[in-house]
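See structure below.
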There are 2 protein chains.
Amino acid sequence: MSFYSDQKKFFFAVDCVLFSYNDCGLNILLSKRMYEPFKDKWSLVGGFVNENESAEEAAKQVLKSFTANDNIYMEQLYAFTDIGRETTQRTISLTYFALIKIQEYKQPVEKEDCAKWFPIDKLPELIAEHAKILEFAKERIKYRAAKQPLLFELLPDKFTILQLHTLYEKVFNIQFDRRNIDRKLKQSNILVKLPEKDKAGSRRGAFYFKLNEKELNNFNEFGNIVPLKYHLSM
Amino acid sequence: MSFYSDQKKFFFAVDCVLFSYNDCGLNILLSKRMYEPFKDKWSLVGGFVNENESAEEAAKQVLKSFTANDNIYMEQLYAFTDIGRETTQRTISLTYFALIKIQEYKQPVEKEDCAKWFPIDKLPELIAEHAKILEFAKERIKYRAAKQPLLFELLPDKFTILQLHTLYEKVFNIQFDRRNIDRKLKQSNILVKLPEKDKAGSRRGAFYFKLNEKELNNFNEFGNIVPLKYHLSM
(Lines give C-alpha, C1' and ligand atoms only; values in the text may rest on other atoms or scores of the structure.)
Protein backbone atom coordinates (compact mmCIF):
# COMPACT_ATOMS: atom_id res chain seq x y z
CA MET A 1 0.00 0.00 0.00
CA SER A 2 1.33 3.40 -0.92
CA PHE A 3 0.71 6.59 0.98
CA TYR A 4 1.97 9.98 -0.09
CA SER A 5 4.04 10.37 3.08
CA ASP A 6 6.18 7.36 2.20
CA GLN A 7 6.91 8.57 -1.32
CA LYS A 8 9.85 10.38 -2.82
CA LYS A 9 9.55 13.52 -4.88
CA PHE A 10 11.42 14.38 -8.06
CA PHE A 11 12.48 17.43 -10.04
CA PHE A 12 10.40 17.74 -13.18
CA ALA A 13 11.55 19.50 -16.34
CA VAL A 14 10.42 19.95 -19.93
CA ASP A 15 12.76 19.82 -22.94
CA CYS A 16 11.59 20.96 -26.37
CA VAL A 17 12.95 20.00 -29.78
CA LEU A 18 11.97 23.03 -31.84
CA PHE A 19 12.37 22.57 -35.61
CA SER A 20 12.34 25.18 -38.33
CA TYR A 21 12.89 24.92 -42.08
CA ASN A 22 14.46 27.29 -44.57
CA ASP A 23 16.05 26.95 -48.00
CA CYS A 24 19.18 25.49 -46.43
CA GLY A 25 17.29 22.70 -44.67
CA LEU A 26 16.06 21.77 -41.21
CA ASN A 27 17.28 23.59 -38.11
CA ILE A 28 16.77 23.17 -34.41
CA LEU A 29 16.99 25.77 -31.67
CA LEU A 30 19.62 25.17 -28.99
CA SER A 31 20.46 27.17 -25.92
CA LYS A 32 23.69 27.49 -24.02
CA ARG A 33 23.38 26.21 -20.48
CA MET A 34 24.17 28.95 -17.94
CA TYR A 35 24.51 26.74 -14.86
CA GLU A 36 26.12 23.53 -13.67
CA PRO A 37 25.99 20.71 -14.53
CA PHE A 38 27.00 21.15 -18.18
CA LYS A 39 27.61 24.91 -17.88
CA ASP A 40 28.33 26.54 -21.30
CA LYS A 41 27.33 23.41 -23.19
CA TRP A 42 24.52 23.38 -25.76
CA SER A 43 21.16 21.85 -24.91
CA LEU A 44 17.61 21.64 -26.19
CA VAL A 45 15.50 24.55 -24.98
CA GLY A 46 13.80 23.68 -21.72
CA GLY A 47 13.14 24.51 -18.13
CA PHE A 48 11.74 23.28 -14.85
CA VAL A 49 8.00 22.87 -14.32
CA ASN A 50 6.62 25.19 -11.66
CA GLU A 51 4.03 24.33 -9.04
CA ASN A 52 1.38 26.46 -10.70
CA GLU A 53 1.58 25.10 -14.25
CA SER A 54 1.16 21.89 -16.22
CA ALA A 55 4.07 20.53 -18.23
CA GLU A 56 2.32 21.67 -21.41
CA GLU A 57 2.07 25.20 -20.07
CA ALA A 58 5.73 25.09 -19.07
CA ALA A 59 6.74 23.93 -22.56
CA LYS A 60 4.64 26.64 -24.22
CA GLN A 61 6.28 29.19 -21.96
CA VAL A 62 9.75 27.94 -22.93
CA LEU A 63 8.94 28.21 -26.63
CA LYS A 64 7.42 31.65 -26.17
CA SER A 65 10.41 32.92 -24.22
CA PHE A 66 12.71 32.04 -27.10
CA THR A 67 10.51 32.96 -30.06
CA ALA A 68 8.03 35.58 -28.80
CA ASN A 69 5.43 33.34 -30.41
CA ASP A 70 2.69 31.50 -28.51
CA ASN A 71 1.03 29.65 -31.35
CA ILE A 72 3.63 27.02 -32.18
CA TYR A 73 2.65 23.48 -33.17
CA MET A 74 3.69 21.18 -30.32
CA GLU A 75 3.22 17.53 -29.34
CA GLN A 76 4.22 15.61 -26.27
CA LEU A 77 7.04 13.29 -27.33
CA TYR A 78 8.23 11.02 -24.52
CA ALA A 79 9.12 11.05 -20.83
CA PHE A 80 12.74 10.26 -20.01
CA THR A 81 12.94 8.93 -16.49
CA ASP A 82 16.13 6.90 -16.17
CA ILE A 83 18.17 7.11 -13.00
CA GLY A 84 21.34 9.08 -13.47
CA ARG A 85 20.25 10.99 -16.56
CA GLU A 86 21.42 14.20 -14.87
CA THR A 87 24.64 14.25 -12.93
CA THR A 88 23.59 15.93 -9.70
CA GLN A 89 19.86 15.55 -8.96
CA ARG A 90 17.44 13.06 -10.39
CA THR A 91 15.13 14.90 -12.78
CA ILE A 92 12.24 13.61 -14.87
CA SER A 93 12.28 15.12 -18.36
CA LEU A 94 9.06 15.32 -20.33
CA THR A 95 9.94 16.13 -23.93
CA TYR A 96 7.99 17.85 -26.68
CA PHE A 97 8.64 18.36 -30.34
CA ALA A 98 7.56 21.61 -31.92
CA LEU A 99 7.45 23.01 -35.45
CA ILE A 100 7.64 26.71 -36.26
CA LYS A 101 7.11 28.56 -39.51
CA ILE A 102 10.42 30.38 -39.46
CA GLN A 103 8.90 33.48 -41.05
CA GLU A 104 6.95 34.00 -37.81
CA TYR A 105 9.97 33.60 -35.58
CA LYS A 106 11.09 36.70 -33.74
CA GLN A 107 13.96 36.14 -31.36
CA PRO A 108 13.59 38.35 -28.31
CA VAL A 109 16.64 40.46 -27.55
CA GLU A 110 17.36 39.19 -24.07
CA LYS A 111 17.82 35.61 -25.27
CA GLU A 112 20.12 36.36 -28.21
CA ASP A 113 23.34 35.59 -26.43
CA CYS A 114 22.36 32.17 -25.25
CA ALA A 115 20.19 30.68 -28.02
CA LYS A 116 20.93 29.84 -31.62
CA TRP A 117 19.48 27.95 -34.58
CA PHE A 118 21.71 25.11 -35.80
CA PRO A 119 21.40 23.18 -39.09
CA ILE A 120 20.37 19.69 -38.08
CA ASP A 121 23.38 18.15 -39.83
CA LYS A 122 25.86 20.51 -38.12
CA LEU A 123 25.02 20.30 -34.45
CA PRO A 124 27.42 20.89 -31.60
CA GLU A 125 27.74 18.24 -28.89
CA LEU A 126 24.57 18.16 -26.79
CA ILE A 127 24.36 17.67 -23.02
CA ALA A 128 23.17 14.55 -21.21
CA GLU A 129 20.81 12.48 -23.41
CA HIS A 130 19.63 15.39 -25.54
CA ALA A 131 21.07 13.81 -28.70
CA LYS A 132 18.88 10.78 -27.98
CA ILE A 133 15.83 13.00 -27.45
CA LEU A 134 16.53 14.62 -30.82
CA GLU A 135 16.67 11.19 -32.49
CA PHE A 136 13.33 10.31 -30.91
CA ALA A 137 11.88 13.57 -32.24
CA LYS A 138 13.18 12.95 -35.75
CA GLU A 139 11.70 9.44 -35.78
CA ARG A 140 8.36 10.62 -34.41
CA ILE A 141 8.15 13.36 -37.01
CA LYS A 142 8.82 10.90 -39.83
CA TYR A 143 6.17 8.57 -38.45
CA ARG A 144 3.62 11.35 -38.12
CA ALA A 145 4.55 13.03 -41.40
CA ALA A 146 4.03 9.78 -43.31
CA LYS A 147 0.39 9.81 -42.29
CA GLN A 148 -0.60 13.37 -41.56
CA PRO A 149 -0.05 16.81 -43.13
CA LEU A 150 2.32 17.66 -40.30
CA LEU A 151 5.23 19.15 -42.26
CA PHE A 152 3.11 22.03 -43.53
CA GLU A 153 3.62 23.45 -40.01
CA LEU A 154 7.20 24.17 -41.15
CA LEU A 155 6.32 25.88 -44.43
CA PRO A 156 5.16 29.46 -44.90
CA ASP A 157 1.45 29.83 -45.63
CA LYS A 158 2.22 30.08 -49.35
CA PHE A 159 4.99 27.93 -50.78
CA THR A 160 6.24 26.49 -54.06
CA ILE A 161 6.13 22.83 -55.00
CA LEU A 162 9.93 22.86 -55.00
CA GLN A 163 9.94 23.97 -51.34
CA LEU A 164 7.54 21.15 -50.50
CA HIS A 165 9.61 18.56 -52.39
CA THR A 166 12.80 19.68 -50.71
CA LEU A 167 11.26 19.67 -47.23
CA TYR A 168 10.08 16.06 -47.59
CA GLU A 169 13.46 15.03 -48.98
CA LYS A 170 15.30 16.68 -46.08
CA VAL A 171 13.06 15.17 -43.42
CA PHE A 172 13.15 11.64 -44.82
CA ASN A 173 16.67 11.97 -46.17
CA ILE A 174 15.76 10.26 -49.42
CA GLN A 175 15.23 11.31 -53.02
CA PHE A 176 11.57 11.10 -53.96
CA ASP A 177 10.29 10.49 -57.45
CA ARG A 178 9.08 14.04 -58.05
CA ARG A 179 6.71 13.16 -60.88
CA ASN A 180 5.08 10.66 -58.54
CA ILE A 181 4.74 13.37 -55.89
CA ASP A 182 3.14 15.73 -58.35
CA ARG A 183 0.65 13.08 -59.45
CA LYS A 184 -0.23 12.25 -55.84
CA LEU A 185 -0.61 15.92 -54.98
CA LYS A 186 -3.02 16.37 -57.88
CA GLN A 187 -5.02 13.27 -56.94
CA SER A 188 -5.28 14.24 -53.29
CA ASN A 189 -6.42 17.78 -54.00
CA ILE A 190 -4.79 19.01 -50.76
CA LEU A 191 -3.20 22.07 -52.43
CA VAL A 192 -4.71 25.20 -53.94
CA LYS A 193 -2.76 27.01 -56.67
CA LEU A 194 -2.46 30.74 -56.08
CA PRO A 195 -2.24 33.35 -58.86
CA GLU A 196 1.09 34.72 -57.55
CA LYS A 197 4.52 33.45 -58.51
CA ASP A 198 7.83 33.19 -56.69
CA LYS A 199 10.32 34.80 -59.09
CA ALA A 200 13.41 34.41 -56.94
CA GLY A 201 14.39 31.01 -58.34
CA SER A 202 14.00 31.54 -62.10
CA ARG A 203 12.89 34.11 -64.65
CA ARG A 204 9.77 32.10 -65.47
CA GLY A 205 8.98 31.82 -61.76
CA ALA A 206 7.06 29.13 -59.85
CA PHE A 207 3.47 29.37 -58.73
CA TYR A 208 2.73 29.56 -55.02
CA PHE A 209 0.37 27.07 -53.44
CA LYS A 210 -1.46 26.96 -50.14
CA LEU A 211 -3.06 24.15 -48.18
CA ASN A 212 -6.65 23.25 -48.99
CA GLU A 213 -7.95 22.85 -45.43
CA LYS A 214 -11.17 21.19 -46.59
CA GLU A 215 -9.38 18.35 -48.35
CA LEU A 216 -6.80 17.48 -45.69
CA ASN A 217 -8.44 14.11 -45.10
CA ASN A 218 -7.09 13.14 -48.52
CA PHE A 219 -3.55 13.57 -47.25
CA ASN A 220 -3.14 9.81 -47.09
CA GLU A 221 -3.13 9.75 -50.88
CA PHE A 222 -0.10 12.03 -50.88
CA GLY A 223 1.48 10.59 -47.74
CA ASN A 224 1.81 7.25 -49.51
CA ILE A 225 4.81 8.68 -51.36
CA VAL A 226 6.70 7.90 -48.16
CA PRO A 227 8.17 4.37 -48.11
CA LEU A 228 6.39 1.83 -45.97
CA LYS A 229 9.18 1.55 -43.40
CA TYR A 230 8.47 5.08 -42.17
CA HIS A 231 4.84 4.18 -41.65
CA LEU A 232 5.94 1.35 -39.40
CA SER A 233 8.96 2.67 -37.59
CA MET A 234 7.41 3.69 -34.27
CA MET B 1 18.35 31.07 -14.87
CA SER B 2 17.22 27.98 -13.01
CA PHE B 3 19.15 26.19 -10.32
CA TYR B 4 18.04 23.01 -8.64
CA SER B 5 17.82 24.66 -5.25
CA ASP B 6 15.06 27.02 -6.46
CA GLN B 7 12.94 24.26 -7.94
CA LYS B 8 9.94 22.40 -6.64
CA LYS B 9 9.70 18.62 -6.53
CA PHE B 10 6.70 16.49 -7.43
CA PHE B 11 5.30 13.06 -6.66
CA PHE B 12 5.66 10.80 -9.67
CA ALA B 13 3.43 7.80 -10.38
CA VAL B 14 2.78 5.32 -13.18
CA ASP B 15 -0.68 4.17 -14.26
CA CYS B 16 -1.12 1.21 -16.59
CA VAL B 17 -4.04 0.37 -18.84
CA LEU B 18 -3.71 -3.40 -19.11
CA PHE B 19 -5.90 -4.98 -21.82
CA SER B 20 -6.76 -8.63 -22.33
CA TYR B 21 -9.05 -10.34 -24.82
CA ASN B 22 -11.22 -13.41 -24.54
CA ASP B 23 -14.26 -14.75 -26.38
CA CYS B 24 -16.46 -12.23 -24.58
CA GLY B 25 -14.40 -9.26 -25.75
CA LEU B 26 -11.87 -6.81 -24.41
CA ASN B 27 -11.18 -6.46 -20.70
CA ILE B 28 -9.07 -4.19 -18.57
CA LEU B 29 -7.58 -4.83 -15.16
CA LEU B 30 -8.68 -2.51 -12.36
CA SER B 31 -7.66 -2.40 -8.74
CA LYS B 32 -9.53 -1.19 -5.71
CA ARG B 33 -7.78 1.73 -4.08
CA MET B 34 -6.88 0.94 -0.46
CA TYR B 35 -6.05 4.48 0.67
CA GLU B 36 -7.35 8.03 0.52
CA PRO B 37 -8.07 9.88 -1.65
CA PHE B 38 -10.62 7.69 -3.48
CA LYS B 39 -10.43 4.83 -0.98
CA ASP B 40 -12.43 1.76 -2.14
CA LYS B 41 -12.90 3.19 -5.62
CA TRP B 42 -11.69 1.42 -8.77
CA SER B 43 -8.61 2.66 -10.55
CA LEU B 44 -6.16 1.63 -13.24
CA VAL B 45 -3.32 -0.45 -11.84
CA GLY B 46 -0.43 1.76 -10.82
CA GLY B 47 1.96 2.92 -8.17
CA PHE B 48 4.54 5.48 -7.23
CA VAL B 49 7.98 5.55 -8.82
CA ASN B 50 10.79 4.86 -6.38
CA GLU B 51 14.14 6.58 -6.23
CA ASN B 52 15.96 3.53 -7.50
CA GLU B 53 13.91 2.76 -10.62
CA SER B 54 12.88 4.33 -13.91
CA ALA B 55 9.20 4.81 -14.69
CA GLU B 56 9.38 1.90 -17.11
CA GLU B 57 10.77 -0.36 -14.38
CA ALA B 58 8.04 0.83 -12.03
CA ALA B 59 5.34 0.07 -14.61
CA LYS B 60 6.79 -3.39 -15.31
CA GLN B 61 6.81 -4.04 -11.57
CA VAL B 62 3.16 -3.01 -11.29
CA LEU B 63 2.16 -5.35 -14.13
CA LYS B 64 4.20 -8.17 -12.67
CA SER B 65 2.71 -7.75 -9.21
CA PHE B 66 -0.79 -8.22 -10.62
CA THR B 67 -0.11 -10.91 -13.23
CA ALA B 68 3.02 -12.75 -12.09
CA ASN B 69 4.20 -12.15 -15.65
CA ASP B 70 7.17 -10.04 -16.61
CA ASN B 71 7.00 -10.28 -20.37
CA ILE B 72 3.96 -8.13 -21.14
CA TYR B 73 3.82 -5.88 -24.20
CA MET B 74 3.91 -2.29 -22.94
CA GLU B 75 4.25 1.20 -24.45
CA GLN B 76 4.53 4.61 -22.87
CA LEU B 77 1.24 6.38 -23.53
CA TYR B 78 1.18 9.95 -22.21
CA ALA B 79 2.17 12.04 -19.21
CA PHE B 80 -0.71 13.69 -17.35
CA THR B 81 0.57 16.70 -15.51
CA ASP B 82 -2.35 19.03 -14.86
CA ILE B 83 -2.55 20.84 -11.58
CA GLY B 84 -5.24 19.41 -9.33
CA ARG B 85 -5.48 16.02 -10.99
CA GLU B 86 -5.23 14.42 -7.55
CA THR B 87 -7.10 15.92 -4.63
CA THR B 88 -4.40 16.11 -1.99
CA GLN B 89 -0.88 16.28 -3.43
CA ARG B 90 0.18 17.23 -6.91
CA THR B 91 1.31 14.07 -8.68
CA ILE B 92 2.65 13.59 -12.20
CA SER B 93 1.21 10.46 -13.80
CA LEU B 94 3.10 8.75 -16.59
CA THR B 95 0.75 6.27 -18.24
CA TYR B 96 1.40 3.07 -20.17
CA PHE B 97 -0.81 0.78 -22.16
CA ALA B 98 -0.12 -2.92 -22.02
CA LEU B 99 -1.48 -6.00 -23.78
CA ILE B 100 -1.47 -9.47 -22.25
CA LYS B 101 -2.24 -12.83 -23.80
CA ILE B 102 -4.82 -13.83 -21.22
CA GLN B 103 -3.78 -17.48 -21.40
CA GLU B 104 -0.51 -16.47 -19.77
CA TYR B 105 -2.14 -14.51 -17.00
CA LYS B 106 -1.75 -15.92 -13.51
CA GLN B 107 -3.23 -13.75 -10.81
CA PRO B 108 -1.14 -13.99 -7.66
CA VAL B 109 -3.10 -14.93 -4.55
CA GLU B 110 -2.31 -11.89 -2.46
CA LYS B 111 -3.81 -9.50 -5.01
CA GLU B 112 -7.09 -11.35 -5.59
CA ASP B 113 -9.14 -9.25 -3.23
CA CYS B 114 -8.23 -5.91 -4.71
CA ALA B 115 -7.88 -6.48 -8.46
CA LYS B 116 -10.35 -7.63 -11.08
CA TRP B 117 -10.79 -7.86 -14.84
CA PHE B 118 -13.72 -5.83 -16.17
CA PRO B 119 -15.28 -6.04 -19.64
CA ILE B 120 -14.46 -2.76 -21.31
CA ASP B 121 -18.12 -1.99 -21.93
CA LYS B 122 -19.11 -2.66 -18.30
CA LEU B 123 -16.68 -0.61 -16.24
CA PRO B 124 -17.36 0.80 -12.79
CA GLU B 125 -16.75 4.48 -12.19
CA LEU B 126 -13.01 5.22 -12.26
CA ILE B 127 -11.12 7.62 -9.99
CA ALA B 128 -9.68 11.00 -10.96
CA GLU B 129 -9.00 11.22 -14.73
CA HIS B 130 -8.54 7.46 -15.20
CA ALA B 131 -11.51 7.30 -17.58
CA LYS B 132 -9.74 9.87 -19.75
CA ILE B 133 -6.50 7.85 -19.63
CA LEU B 134 -8.46 4.80 -20.76
CA GLU B 135 -9.89 6.76 -23.72
CA PHE B 136 -6.36 7.84 -24.67
CA ALA B 137 -5.23 4.22 -24.53
CA LYS B 138 -8.12 3.04 -26.70
CA GLU B 139 -7.38 5.71 -29.32
CA ARG B 140 -3.66 4.99 -29.29
CA ILE B 141 -4.28 1.27 -29.73
CA LYS B 142 -6.56 1.89 -32.71
CA TYR B 143 -3.95 4.18 -34.25
CA ARG B 144 -1.17 1.66 -33.73
CA ALA B 145 -3.27 -1.37 -34.69
CA ALA B 146 -4.23 0.24 -38.01
CA LYS B 147 -0.57 0.21 -39.02
CA GLN B 148 1.18 -2.48 -37.04
CA PRO B 149 0.47 -6.09 -36.02
CA LEU B 150 -0.13 -4.93 -32.47
CA LEU B 151 -3.34 -6.78 -31.68
CA PHE B 152 -1.66 -10.18 -32.01
CA GLU B 153 -0.23 -9.38 -28.55
CA LEU B 154 -3.77 -10.06 -27.27
CA LEU B 155 -4.28 -13.39 -29.05
CA PRO B 156 -2.94 -16.78 -28.00
CA ASP B 157 -0.01 -18.01 -30.07
CA LYS B 158 -2.39 -20.12 -32.16
CA PHE B 159 -5.78 -18.70 -33.03
CA THR B 160 -8.64 -19.11 -35.49
CA ILE B 161 -9.55 -16.59 -38.17
CA LEU B 162 -12.85 -16.05 -36.36
CA GLN B 163 -10.97 -15.00 -33.20
CA LEU B 164 -8.91 -12.56 -35.26
CA HIS B 165 -12.01 -11.12 -37.01
CA THR B 166 -13.80 -10.67 -33.73
CA LEU B 167 -10.84 -9.02 -32.02
CA TYR B 168 -10.54 -6.39 -34.76
CA GLU B 169 -14.27 -5.79 -34.70
CA LYS B 170 -14.27 -5.33 -30.92
CA VAL B 171 -11.28 -2.96 -30.92
CA PHE B 172 -12.57 -0.77 -33.76
CA ASN B 173 -16.21 -1.26 -32.85
CA ILE B 174 -17.23 -1.73 -36.48
CA GLN B 175 -18.29 -4.64 -38.68
CA PHE B 176 -15.59 -5.51 -41.18
CA ASP B 177 -16.22 -7.09 -44.54
CA ARG B 178 -14.88 -10.52 -43.62
CA ARG B 179 -14.30 -11.66 -47.20
CA ASN B 180 -12.17 -8.57 -47.70
CA ILE B 181 -10.20 -9.41 -44.55
CA ASP B 182 -9.61 -12.94 -45.75
CA ARG B 183 -8.37 -11.70 -49.12
CA LYS B 184 -6.02 -9.19 -47.47
CA LEU B 185 -4.73 -11.83 -45.07
CA LYS B 186 -3.94 -14.11 -47.97
CA GLN B 187 -2.23 -11.34 -49.95
CA SER B 188 -0.14 -10.22 -47.00
CA ASN B 189 1.07 -13.70 -46.13
CA ILE B 190 1.35 -12.73 -42.44
CA LEU B 191 -0.34 -15.94 -41.20
CA VAL B 192 0.74 -19.57 -41.29
CA LYS B 193 -1.96 -22.24 -41.29
CA LEU B 194 -1.37 -25.00 -38.74
CA PRO B 195 -2.46 -28.61 -39.18
CA GLU B 196 -4.53 -28.56 -35.95
CA LYS B 197 -8.16 -27.55 -35.66
CA ASP B 198 -10.20 -25.86 -32.96
CA LYS B 199 -13.26 -28.14 -32.60
CA ALA B 200 -15.00 -26.19 -29.84
CA GLY B 201 -17.02 -23.98 -32.20
CA SER B 202 -18.37 -26.49 -34.70
CA ARG B 203 -18.22 -30.17 -35.62
CA ARG B 204 -16.23 -29.39 -38.75
CA GLY B 205 -13.80 -27.29 -36.72
CA ALA B 206 -11.66 -24.31 -37.71
CA PHE B 207 -7.97 -24.42 -38.50
CA TYR B 208 -5.56 -22.69 -36.17
CA PHE B 209 -3.15 -20.10 -37.54
CA LYS B 210 -0.03 -18.50 -36.17
CA LEU B 211 1.86 -15.35 -37.05
CA ASN B 212 4.46 -15.56 -39.82
CA GLU B 213 7.19 -13.49 -38.15
CA LYS B 214 9.22 -13.25 -41.38
CA GLU B 215 6.39 -11.56 -43.28
CA LEU B 216 5.26 -9.03 -40.67
CA ASN B 217 6.44 -6.14 -42.84
CA ASN B 218 3.52 -7.01 -45.10
CA PHE B 219 1.11 -6.15 -42.32
CA ASN B 220 0.24 -2.89 -44.05
CA GLU B 221 -1.55 -4.91 -46.73
CA PHE B 222 -3.83 -6.35 -44.07
CA GLY B 223 -3.94 -3.23 -41.89
CA ASN B 224 -5.56 -1.33 -44.75
CA ILE B 225 -8.82 -3.06 -43.87
CA VAL B 226 -9.07 -0.43 -41.15
CA PRO B 227 -10.89 2.73 -42.29
CA LEU B 228 -8.72 5.75 -43.00
CA LYS B 229 -9.99 7.75 -40.04
CA TYR B 230 -8.27 5.40 -37.61
CA HIS B 231 -5.00 5.89 -39.46
CA LEU B 232 -5.35 9.60 -38.86
CA SER B 233 -6.92 9.88 -35.46
CA MET B 234 -3.87 10.62 -33.32
With criteria (1) in contact with a helix residue (DSSP H, G or I) (Cβ under 9 Å, 6 or more places away or on another chain); (2) more than 9 Å from every other protein chain (Cβ to nearest Cβ), residue B:64 comes up short on (1)
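Can residue A:75 be described as part of a strand (DSSP E or B), touching a residue at least 24 places away in the same chain (Cβ under 8 Å) and under 30 Å from residue B:51 (Cβ atoms)?
Details: part of a strand (DSSP E or B): yes; touching a residue at least 24 places away in the same chain (Cβ under 8 Å): yes; under 30 Å from residue B:51 (Cβ atoms): yes.
Taking the combined requirement at face value, the residue satisfies it.
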Using the structure shown, decide if residue B:226 is crowded, with 19+ Cβ neighbours inside 10 Å and part of a helix (DSSP H, G or I). no
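Please go through the stretch A:1-51 and give me each residue that is aromatic (Phe, Trp, Tyr) and modelled with pLDDT under 90, ordered by number.
First, the residues of the stretch A:1-51 that are aromatic (Phe, Trp, Tyr): A:3-4, A:10-12, A:19, A:21, A:35, A:38, A:42, A:48.
Listed by number, the residues that qualify are A:3, A:4, A:35, A:38.
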All-but-one check, residue B:184 against (1) more than 14 Å from chain A (Cβ to nearest Cβ); (2) part of a loop (DSSP other than H, G, I, E, B); (3) buried (at least 17 other Cβ atoms within 10 Å of the Cβ); (4) not β-branched (Val, Ile, Thr), failing number (2)
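Tell me which residues, restricted to the stretch A:39-61, are assigned to a loop (DSSP other than H, G, I, E, B), open to solvent by 20 Å² or more (accessible area, probe 1.4 Å) and facing chain B (nearest Cβ under 10 Å). Explain how you work it out, then say what you get.
First pass over the stretch A:39-61, keeping only residues assigned to a loop (DSSP other than H, G, I, E, B): A:39-41, A:49-54.
This time we only want the ones that are open to solvent by 20 Å² or more (accessible area, probe 1.4 Å), so: A:39-41, A:50-53.
If the condition is that a residue be assigned to a loop (DSSP other than H, G, I, E, B), open to solvent by 20 Å² or more (accessible area, probe 1.4 Å) and facing chain B (nearest Cβ under 10 Å), then A:50, A:51, A:52, A:53 are the ones that fit.
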Being among the aromatic types (Phe, Trp, Tyr), surrounded by fewer than 21 Cβ atoms within 10 Å (Cβ to Cβ), within 14 Å of chain A (Cβ to nearest Cβ) and within 15 Å of the chain's Cα centre (by Cα) narrows it down to one of B:73, B:96, B:78, B:35, so name that one. B:78
Out of A:176, A:207, sole residue that is open to solvent by 60 Å² or more (accessible area, probe 1.4 Å), outside any helix (DSSP H, G or I), in contact (Cβ under 8 Å) with a residue 40 or more places away in the chain and on the phi < 0 side of the Ramachandran plot: A:207
Counting only residues in the stretch B:5-19 that are more than 7 Å from chain A (Cβ to nearest Cβ) and either part of a strand (DSSP E or B) or not hydroxyl-bearing (Ser, Thr, Tyr) (or both), the one most open to solvent (accessible area, probe 1.4 Å) is identified as B:6
Do any residues in the stretch A:86-113 that are outside any loop (DSSP other than H, G, I, E, B) have Cβ atoms under 9 Å from those of residues that are at pLDDT below 70, where the two are at least six apart or on different chains, and which pairs are they? A:91/A:85; A:91/B:4; A:92/A:85; A:93/A:85; A:93/A:86
Condition met for residue A:25 (farther than 25 Å from residue B:9 by Cα, touching a residue at least 12 places away in the same chain (Cβ under 8 Å), of a type in the set (Gly, Ala, Ser) and not assigned by TED's automatic domain parsing to the domain that holds residue A:165): yes
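Looking only at the stretch A:217-232, count how many residues are under 19 Å from the mean Cα position of the chain (by Cα), modelled with pLDDT under 80 and facing chain B (nearest Cβ under 10 Å). Explain how you work it out, then say what you get.
First, the residues of the stretch A:217-232 that are under 19 Å from the mean Cα position of the chain (by Cα): A:223, A:226, A:230-231.
This time we only want the ones that are modelled with pLDDT under 80, so: A:230-231.
Remaining after also requiring facing chain B (nearest Cβ under 10 Å): A:231.
Of the residues in the stretch A:217-232, 1 are under 19 Å from the mean Cα position of the chain (by Cα), modelled with pLDDT under 80 and facing chain B (nearest Cβ under 10 Å).
Let's see how each residue does on (1) within 30 Å of residue A:8 (Cβ to Cβ); (2) at pLDDT 95 or above; (3) in the same structural domain as residue B:64 (by TED's automatic domain parsing):
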{"residue": "B:83", "(1), (2), (3)": "yes, no, yes"}
{"residue": "B:91", "(1), (2), (3)": "yes, no, yes"}
{"residue": "B:101", "(1), (2), (3)": "no, no, yes"}
{"residue": "B:139", "(1), (2), (3)": "no, no, yes"}
{"residue": "B:157", "(1), (2), (3)": "no, no, no"}
{"residue": "B:169", "(1), (2), (3)": "no, no, no"}
May I ask you to list the residues in the stretch B:139-172 that are in contact with a helix residue (DSSP H, G or I) (Cβ under 9 Å, 6 or more places away or on another chain), under 14 Å from residue B:211 (Cα atoms) and either open to solvent by less than 10 Å² (accessible area, probe 1.4 Å) or not in a loop (DSSP other than H, G, I, E, B) (or both)? B:150, B:151, B:152, B:154, B:155, B:159, B:161, B:164
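The values are calculated or read from the model by the stated rules, or taken from the named source; none is laboratory data. Just so we're clear, the structure is a prediction, and the values are computed from it rather than from any experiment. Cβ atoms come from the backbone with ideal geometry, glycine included; neighbour counts cover every protein chain shown. All accessible areas refer to the heavy atoms of the entire protein, side chains included, with ligands and DNA or RNA removed. Shrake-Rupley method; radii C 1.70, N 1.55, O 1.52, S 1.80 Å.
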